[in-house]
1. Name the lysines eligible as straight-distance cross-link partners of residue 209: C-alpha to C-alpha under 29 Å, and not fewer than 8 places from it in the same chain.
2. Quick one: if the Förster radius is 30 Å, what FRET efficiency do residue 196 and residue 58 give, using the C-beta to C-beta distance and rounding to 0.05?
3. Among the GluC sites (Glu not before Pro) in region 117-202, which ones are in a DSSP loop with at most 13 other Cβ atoms within 10 Å of the Cβ? Mind listing them?
4. How large is the convex hull of the C-alpha atoms of region 57-141 per residue, in Å³?
5. Around residue 116, which amide H atoms from residues at least 5 apart in sequence, or from another chain, sit under 5 Å from its own amide H, with H modelled in the peptide plane?
6. Two decimals is fine: what's Rg over Rh for region 129-214, C-alpha atoms, Kirkwood radius as Rh?
7. Determine ³J(HN,Hα), in whole Hz, for all residues of region 66-82 in sequence, where each value follows from phi through the Karplus function 6.51 cos²θ - 1.76 cosθ + 1.60 and θ = phi - 60°; x replaces Gly and Pro.
8. Can you pull the percent of region 113-165's accessible area that's carbon plus sulfur, 1.4 Å probe, other chains left in place?
Amino acid sequence: MDDIYRHGWKAAAAALLAAALLSGCGSGGSEAGGSAGVSQSATASAAQSGSPAAALPADGEAKTYHFDLKSTKVEPLPAWAGTIEMTKKDPLYISGTDLEGALTADIKLSRKGEYLTAGGEGVLWNGQRSTKFAMPETSVLLEKQLGQDGTLVYGALQARSEEIGRDFSFDLRLVPESGELELRLPNRDGLIVFGQSAVLGKHQGEVSKVTAES
C-alpha cells in the first residue's frame, strides 16, 4: 500500500510541476492522460463547419493544442531508433519500469497548401528533474482518415532543449477530433509512450501499419 501511495503521489507531483512550468502558455483547459484543450477559436471553427476535418487547420490557418500527458507504457525500440546510449542520470532518461515520466506541451499545427507542419514548446519531467524544450515549426506531418472515428495525424516531431544542449524527437500520433495524443520518446529502456488514445487503440493494426510505412 505504501508503494501504491508513493507512486501515485509522484505522478501527481510530476503533472503539477510540469503544468506550473508552462503556466500561461496554454490556450485553454486540459485533462490528464492525453486529452487536449483546444483554443477557443479552433473549437468555434470546428463547431461551425460540422466537418471532422475542421478539427485541423485549413489552408493558411494555425491551431494550438494543449496536452498534459503521463507515461503509460513502454514498447520495444523500432529499428529506426537504433541503440540508445544513456545513463540513468541523463535528463531525458525515463525508467521503463517505474514510468514516472510526465510531459506538458503546447503543439501548434499550421497548414500551408498540402503541408501540415508542427511546432511549439513543452516541459518533460523524468521523475527526477524537469527539462524545457522547444519544437521548431519544421516538422512535416502526415494524415490518414480512420473511418468515422477521426483523422490520424502522425510523424516525427523534432525538439530541442537549450537547457541541456540536445536535439531529440518524438513519434507523434494525434487524433484532433477527439483531442487524443500519444507521443513516443526513444529511451534506453525502450520506446516510452506518453498518453493513451482510445481511437488509436481501436485502430491499432491500421495505425501500426501506416506509421511503419512512413
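1. Within the straight-line limit of under 29 Å, residue 209 reaches these lysines: 63, 70, 73, 108, 112, 144.
2. 0.55
3. Here the GluC sites (Glu not before Pro) that fit, given the DSSP loop and packing criteria, are 162, 163.
4. 118 Å³
5. 141
6. Reported Rg/Rh, Kirkwood definition of Rh: 0.99.
7. With coefficients 6.51, -1.76 and 1.60, one gets 9, 10, 10, 10, 10, 5, 10, 6, 10, 10, x, 5, x, 4, 5, 7, x Hz.
8. For region 113-165, the apolar C and S fraction of the accessible surface comes to 45 percent.
The values are calculated or read from the model by the stated rules, or taken from the named source; none is laboratory data. Small disclaimer: the values here were computed from a predicted structure and weren't measured. Note that each Cβ is placed from the backbone with ideal geometry, even for glycine, and that neighbours are counted across all protein chains shown. Remember, those area values only see protein heavy atoms, side chains included, never the ligands or the DNA or RNA. Shrake-Rupley method; radii C 1.70, N 1.55, O 1.52, S 1.80 Å.
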